[in-house]
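Written below as structure tokens is the structure these notes are about.
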């Protein structure tokens, strides 16, 4: 159950502690937290995909956010967010990633500004994002979906903070990399 997984999650820092409280309050407040029918927000799943040497991560240039970010997407009613993250990695990058840990690696309360998607306006809302840690072979050719992104690439971890990344992603990347280094995986 999603609430149990969020309850079991150990926050890495003050931001994640606050985000965890927000996630749990959101689950307690709304019946429908897994689909886009909830206009205030919904759960999403993402993947922090690193190479075997743990020196690079794969990123996708999202059209709506106009910047680089790790792969991920909407739960669309699926409570198994790990399976959603795996699906999104394959859809957005062409990679078949290997899960390094079945548990949630990070949580992110990510703002989404109002935007047009497929000709329809989508109001601003929150993505309650659960990020999973995965590994993939950086030598496999990458593919991307032209309807959602402008490209996909591997970047060195030390380059994961530059201005080409989405504003909300840069501090998350910093936290993900710090957590990765602390784990020693």
- request: Return the residue satisfying two criteria in turn: it lies in the stretch 104-119 and is in a loop (DSSP other than H, G, I, E, B) and exposed (fewer than 14 other Cβ atoms within 10 Å of the Cβ), and of such residues it is nearest to the chain's Cα centre (by Cα).
  value: 113
- prompt: Of these, 37, 32, which one is in contact with a strand residue (DSSP E or B) (Cβ under 9 Å, 6 or more places away or on another chain), assigned to a loop (DSSP other than H, G, I, E, B) and exposed (fewer than 13 other Cβ atoms within 10 Å of the Cβ)?
  reply: 32
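Quick grid of which residues meet (1) without any contact (Cβ under 8 Å) to a residue 40 or more places away in the chain; (2) touching a helix residue (DSSP H, G or I) at 6+ places or on another chain (Cβ under 9 Å):
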| site | (1), (2) |
| --- | --- |
| 49 | no, yes |
| 57 | no, yes |
| 63 | no, no |
| 70 | no, yes |
| 73 | yes, yes |
statement: Among the residues of the stretch 1-29, the number that are touching a helix residue (DSSP H, G or I) at 6+ places or on another chain (Cβ under 8 Å) and not in a helix (DSSP H, G or I) is 4
field: Looking only at the stretch 120-142, and only at residues there that are closer than 23 Å to residue 176 by Cβ and free of Cβ contacts under 8 Å to residues at least 60 places away in the same chain, the one that is surrounded by the most Cβ atoms within 10 Å (Cβ to Cβ)
entry: 140
field: Set 92, 146: member being more than 28 Å from residue 178 (Cβ to Cβ) and more than 11 Å from the chain's Cα centre (by Cα)
entry: 146
- request: Just need a number here: residues in the stretch 152-163 that are within 15 Å of residue 67 (Cα to Cα), touching a helix residue (DSSP H, G or I) at 6+ places or on another chain (Cβ under 9 Å) and outside any loop (DSSP other than H, G, I, E, B).
  value: 1
- prompt: Given (1) in contact with a helix residue (DSSP H, G or I) (Cβ under 9 Å, 6 or more places away or on another chain); (2) surrounded by fewer than 19 Cβ atoms within 10 Å (Cβ to Cβ); (3) farther than 30 Å from residue 10 by Cβ, where does residue 149 come up short, assuming only one miss?
  reply: (2)
- prompt: Listed residues 16, 90; which is within 30 Å of residue 142 (Cα to Cα), at pLDDT 95 or above and surrounded by fewer than 22 Cβ atoms within 10 Å (Cβ to Cβ)?
  reply: 90
Condition check for residue 82: part of a loop (DSSP other than H, G, I, E, B), surrounded by 12 or more Cβ atoms within 10 Å (Cβ to Cβ), modelled with pLDDT of 95 or more and at negative phi: no
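The values are calculated or read from the model by the stated rules, or taken from the named source; none is laboratory data. A quick note: this is a predicted structure, and the numbers were derived from the prediction, not measured. Glycine also receives a Cβ, built like all others from the backbone with ideal geometry; neighbour counts cover every protein chain displayed.
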